[in-house]
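Participant: Input: one structure, supplied below.
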Amino acid sequence: MKSKKNMLLFFLAIGIAAIGRATPLEDGKSIFMTRCAACHNVNKVLTGPALAGIEEKRSLDWIFKFVHSSQSLVKSGDKEAIEIFEQFNKIPMPDHPDLTEENIKNILAYIKSETKTGEASVAPFPKPGKKPSNAKPLSADNYGFFAAYFFSVAALISALLFAVRIKSYERNKEEEKLSAS
C-alpha cells in the first residue's frame, strides 16, 4: 500500500515538473517578447535591426558578447558593433548581463522559427484592397433589393391587417353570442 502511494507521488511530481517546464522555443519567445520586442522585430527593422538570419551573419560568441554588453564591443573597436551602432542613430542597446548563453540560444531558436523565408507568406485572411468585396453598395439602380424590401414590407403589413380583421371578427362573434343570450 505504501509503495503504491510512493509511486503515485513520484509520478505526480514528475508530471508537475514536466508541465511547468517550458520548451526552449517557448522560453525564447517569452524572453524575446519581454526584453527585445520593444526595439526589435524578427522580420522588420524597428528601432534596432531585424533579427532574421542573425546566426548566419554573426558568430554565437559575438552575439553573446553583444547581448551582454553592446557598448563594451563598440568601445573595444569591434567593426561590426560600431557599424550597427552608427546605422541605428547611435542608440545603445541595453545590456543584458543576466541572460545566460542558454537563454540567448533559446531566443535565437525563436527568431529562427519566426524568420520568413523568400516565399511569400500567405495570411489566413485577404489583405484589404487585394480582394474585391462581395458586397455591393446600396444605390438607386439596385432594383432587386428594393423589390424584395417593398415586397417584405407589404407582406408584413398584409399579415398584420389580416390578424386585426380576424381578431375583429372573433370579437363580433363574441358580442353576438352575448347579446343573443
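Any read-out appearing in this document is the output of simple, stated calculations on the displayed coordinates, not a laboratory observation. Owing to the predicted nature of the structure, the values given are computational and were not obtained by experimental measurement. Cβ placement follows ideal geometry from the backbone for every residue including glycine, while neighbour counts extend to all protein chains displayed.
Participant: Pulled fully out, how much extra length does the chain show between Thr100 and Glu170, if you take 0.36 nm times their separation in residues and subtract their Cα-Cα distance? Please report the intermediate quantities before stating the final value.
Facilitator: On the way: separation 70, 0.36 × 70 = 25.20 nm, distance 8.76 nm.
Here the segment from Thr100 to Glu170 would lengthen by 16.4 nm.
Participant: Hey, what do the phi angles of region 54-71 turn into as Karplus ³J(HN,Hα) couplings, whole Hz, using 6.51/-1.76/1.60 and θ = phi - 60°, x for Gly and Pro?
Facilitator: With the stated coefficients, region 54-71 comes to 4, 5, 7, 7, 10, 7, 4, 4, 5, 4, 4, 5, 5, 5, 5, 6, 5, 5 Hz.
Participant: What is the order of Leu60, Leu51, fewest Cβ neighbours within 10 Å to most? Display every interim value, and only then the final one.
Facilitator: Values: Leu60 12, Leu51 24.
Ascending number of Cβ neighbours within 10 Å: Leu60, Leu51.
Participant: With Cβ to Cβ distances under 13 Å as the rule, what net charge do the other residues near Ile84 carry (K, R +1; D, E -1)?
Facilitator: Net of charged neighbours comes to +1.
Participant: Could you derive backbone 3J(HN,Hα) for region 175-181 from the dihedral phi with the Karplus parameters 6.51, -1.76 and 1.60 (θ = phi - 60°), listing whole Hz in sequence and x where the residue is Gly or Pro?
Facilitator: 5, 5, 5, 5, 6, 6, 7
Participant: While we're here: Which three lengths, in whole Å and largest first, does region 17-114 cover when its Cα atoms are put on their principal axes?
Facilitator: Sorted from largest, the Cα extents of region 17-114 read 45, 25, 22 Å.
Participant: If you don't mind, there's one more thing I want to ask. Based on the Cβ-Cβ distance from Leu178 to Ala135, what FRET efficiency comes out when R0 is 45 Å, to the nearest 0.05?
Facilitator: On the way: r = 57 Å, r/R0 = 1.28.
With R0 = 45 Å, the Cβ-Cβ based efficiency is 0.20.
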